[in-house]
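Here is the structure we will look at, set down as structure tokens.
The values are calculated or read from the model by the stated rules, or taken from the named source; none is laboratory data. Just so you know, these numbers come straight off a predicted model, no measurement behind them. We place every Cβ from the backbone using ideal geometry, glycine too, and count neighbours over all the protein chains shown. Note: areas computed on protein heavy atoms with side chains; ligands, DNA, RNA excluded. Shrake-Rupley method; radii C 1.70, N 1.55, O 1.52, S 1.80 Å.
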Amino acid sequence: MNDRGWTREPGLPEFARVVAIGLGRAILHLQTHEATPYRAAILDACLHSTVYDAQAEPTRERYLLDLIDLTGERDFYRTQILAALPRVQDTADAEQLFALARSFAARGDAEARRRLYETFAANAATERPDGAPHLVEVDGVAGLLAVAARLPLEREDFWYARYLTDLVAERQGEEATAAALTEAAANDPRIAAFAAAVEEERARDRARAARRRRHTATRYDHIRQLLADDPRAGSMLLRWGRTASAGDLARAAADLLAEEDPRRLRAYLRLFCFHPFPLDHTRLLTLARDPDPLTRAPAIGALAASAHPEVRALGLELLAAGRGRGARLLVGNYRQGDYGLVERALRAWQDRDEVHDLGLALLDLVEAHPAPEAVAPLLLLYERGPCSLCRRWGIDLLQKLGPLPGWLVAEGRHDAHPDLRAAMRRYHGVDRPHDEPG
């Protein structure tokens, strides 16, 4: 294997690695090779989610179903997936299994639909309501009413009730969805409580939107008071900071240097991910070495745009220590040869989280300093990065640096990330076989 696809029959560990990342290379391989040697890897990928960030990345059921269909053993995998569904405990694994079962149900599989409903009902009874969105996706209003009748709701969960209702409203219309909820609520107090939670959450959303509009254009004094009253309101400061004046940014920087409350300090640090820090950055250098990643990460982000030898030296120090975020400090301090540093680290590092952080830093570096030298590390990020969102972004940047090679376009058309699939199916790249070396 090289960075341009498989040039020989892959062993099971290599095939499993590629499937875990979600590269289309595995699907291309099964189109022309016997799938039996890879059964264990495919089944494991179905039963155990390898999505890096389940809250941000799309699920991979389309990719996994394509693999299953190419094996010629669809019934075997379906049986294993449906049997595992009621037993799964891990949230990410459950999400993937529900998505696969929903896909079977959408194809007319009555047993898969029954398992969806039974497993959701059992989970809801134990306050683990995994599967609710999939009932809604497969059966619309009927699925929503089944969820509403069983879903345990605390006040902090009201947003979830609204989210599920909005999923149905997008497909079947707001009026029809509201009418169905109102009719069912008249005869079921659980559904009535669900409908009331949806309306309360919508009212809270309107109030939050009004506050955002009010504070986006307000003076820094008001923002500072808001943050003093509620340290969790840092997102308000972040939105305000995108268009803040130089004078207000200097005042915010002074407040940051004087702040001791960890939550407010982190809010102030995030403000400067958009702007160079305008005052002395000595304290930020200390915070960027903080043992707590919740402080260290935004401190590094706040220094990223600052051009200074000390900032560059810290970036190199962090990279030498295996900290991927250190490469972000090269964005404002770029020198010829920095892409070589990142490429060597991508080849050598094994820690998935640090490789991901390094990949994110590389993407920032390429956006700020596009150059032919960026192609090699971007291809390595495609090959080794655990996150499909980063892979999608990296290929966008590769396109800006020149035509994509045919092997990458061919793989991308079967990638686990649906947006990348769609983009590559529209793309007319270099006309070369996908597995051509060099």
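Screening Ala192 on (1) in a helix (DSSP H, G or I); (2) modelled with pLDDT under 90; (3) more than 28 Å from Pro86 (Cβ to Cβ) shows it passes everything except condition (2). Looking only at residues in region 246-293 that are within 21 Å of Arg323 (Cα to Cα) and hydroxyl-bearing (Ser, Thr, Tyr), the one that is least open to solvent (accessible area, probe 1.4 Å) is Thr282. Restricting attention to region 242-264, the residues that are of a type in the set (A, V, I, L, M, F, W, C) and under 18 Å from Asp292 (Cβ atoms) total 1.
Residue-level check: of (1) open to solvent by 10 Å² or more (accessible area, probe 1.4 Å); (2) within 26 Å of Ala121 (Cα to Cα), Ala99 misses just (1).
Among the helices (runs of 4 or more DSSP H) lying completely within region 324-433, list those that include at least 1 residues that are closer than 19 Å to Val19 by Cβ, in contact (Cβ under 8 Å) with a residue 24 or more places away in the chain and open to solvent by 10 Å² or more (accessible area, probe 1.4 Å). Can you show your working first?
Working: elements: 338-348, 352-368, 375-384, 388-401, 406-412, 418-426.
By residue number, 352-368, 375-384, 388-401, 406-412, 418-426.
Here Ile27 meets the list (1) closer than 27 Å to Asp139 by Cβ; (2) assigned to a helix (DSSP H, G or I); (3) open to solvent by less than 30 Å² (accessible area, probe 1.4 Å); (4) of a type outside the set (Gly, Ala, Ser) almost entirely, failing just condition (1). The sole residue among Ala361, Ala422 that is modelled with pLDDT of 95 or more and not hydroxyl-bearing (Ser, Thr, Tyr) is Ala361.
In region 177-201, which residues are surrounded by 14 or more Cβ atoms within 10 Å (Cβ to Cβ) and farther than 12 Å from Ala148 by Cα? Selection gives Thr177, Ala178, Glu199, Glu200, Glu201. Across region 276-299, the number of residues qualifying as of a type in the set (A, V, I, L, M), part of a helix (DSSP H, G or I) and within 25 Å of the chain's Cα centre (by Cα) comes to 3. With Leu82, Leu65, Leu144 as the choices, which residue is under 24 Å from the mean Cα position of the chain (by Cα) and open to solvent by less than 10 Å² (accessible area, probe 1.4 Å)? The conditions single out Leu65. Could we say that Ala56 is more than 22 Å from the chain's Cα centre (by Cα) and open to solvent by 40 Å² or more (accessible area, probe 1.4 Å) here? Answer is no for this residue.
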